[in-house]
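Visitor: Handing you this structure, nothing more for now.
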Amino acid sequence: MQATRIIAIRHGETAWNVDTRIQGHLDIPLNETGLWQARQLAQALAQEPVSAIYTSDLQRARATAQAVADTTGAPLTPTTDLRERSFGDLEGRTFAEIDAARPDLAHRWRTRDPHFAPEGGETLIALRERIHATTHRLAARHPGGLVVLVAHGGVLDVLYRIATGQELQAPRTWQLSNAAINRLLWTPDSLTLVGWADTQHLDNAARDESTV
């Protein structure tokens, strides 16, 4: 089977990103910056030969993906399988609020305990299994093609770890920038990192606007 190229995207910015408030499965929209980022991303990918776009069904991801679909003409399919990690009853709280109210949970979360699940939420192990299976299933549909996956920070983190062999508990040393372009190569046997955290389309546009 031929390899499938993947462009993995974290959705554009939301107000809760700015507030460091946990979104999880809560359906938070893009803010004005996020909408701008989605437009810049769409222009950057306009000439890419995209076979298909798959997105989390949450609106912050769907709006980002729709911008790319509008410029590339590629079919767009939402799926719950690309949702962010579920944080259960921690959703809606800021990092600081969790540190203050539940330091025991905050410690397990910050040390990346792979077996820790907030009440009603998902473990890192379950998230990795979900994203690994979903990526394999979707990429296998398009051998030799290019697919765009639009999802969330936790999803992108797991993809990076799978592609580079990083353990779930390894400290994160890579960026998970909103609307950055991240490139991977999938085969039935592996997922390989090609390029990560390309924000040139955002940086250049911001510089251009600052000179107007």
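Visitor: Could you check the range 11-75 for helices (runs of 4 or more DSSP H) lying wholly inside it with 3 or more residues that are among the aliphatic types (A, V, I, L, M)?
Guide: Details: elements: 15-18, 32-44, 59-72.
In the range 11-75, the matching helices (runs of 4 or more DSSP H) lie at 32-44, 59-72.
Visitor: Within the set of pairs 6+ apart or on separate chains, which have a first residue in the range 18-38 that is touching a residue at least 40 places away in the same chain (Cβ under 8 Å), a second that is surrounded by fewer than 17 Cβ atoms within 10 Å (Cβ to Cβ) and not aromatic (Phe, Trp, Tyr), and C-beta atoms under 7 Å apart?
Guide: What qualifies is ASP19/THR94; THR20/THR94; ARG21/GLY92; ARG21/THR94; ILE22/GLY92; LEU26/GLY92.
Visitor: Also: So in the range 1-59, with the set limited to residues that are within 17 Å of LEU202 (Cβ to Cβ) and among the charged types (D, E, K, R), which one is nearest to the chain's Cα centre (by Cα)? Steps first, answer last, please.
Guide: Here is the first cut: in the range 1-59, the residues within 17 Å of LEU202 (Cβ to Cβ) are 7-14, 17-18, 30-46, 48.
Subset that is among the charged types (D, E, K, R): 10, 13, 32, 39, 48.
Numbers: ARG10: 3, GLU13: 11, GLU32: 19, ARG39: 17, GLU48: 19 Å.
Among residues in the range 1-59 that are within 17 Å of LEU202 (Cβ to Cβ) and among the charged types (D, E, K, R), the one nearest to the chain's Cα centre (by Cα) is ARG10.
Visitor: Step by step: first the residues of the range 135-160, then only those that are surrounded by fewer than 19 Cβ atoms within 10 Å (Cβ to Cβ) and either of a type in the set (Lys, Arg) or in contact with a helix residue (DSSP H, G or I) (Cβ under 6 Å, 6 or more places away or on another chain) (or both), then the one that is farthest from SER177 (Cα to Cα). Which residue is that?
Guide: Restricting to residues being surrounded by fewer than 19 Cβ atoms within 10 Å (Cβ to Cβ) and either of a type in the set (Lys, Arg) or in contact with a helix residue (DSSP H, G or I) (Cβ under 6 Å, 6 or more places away or on another chain) (or both), the top hit is ARG141.
No lab work stands behind these numbers, since they all come straight from the coordinates. Computed from a predicted structure; not experimentally measured. Cβ atoms come from the backbone with ideal geometry, glycine included; neighbour counts cover every protein chain shown.
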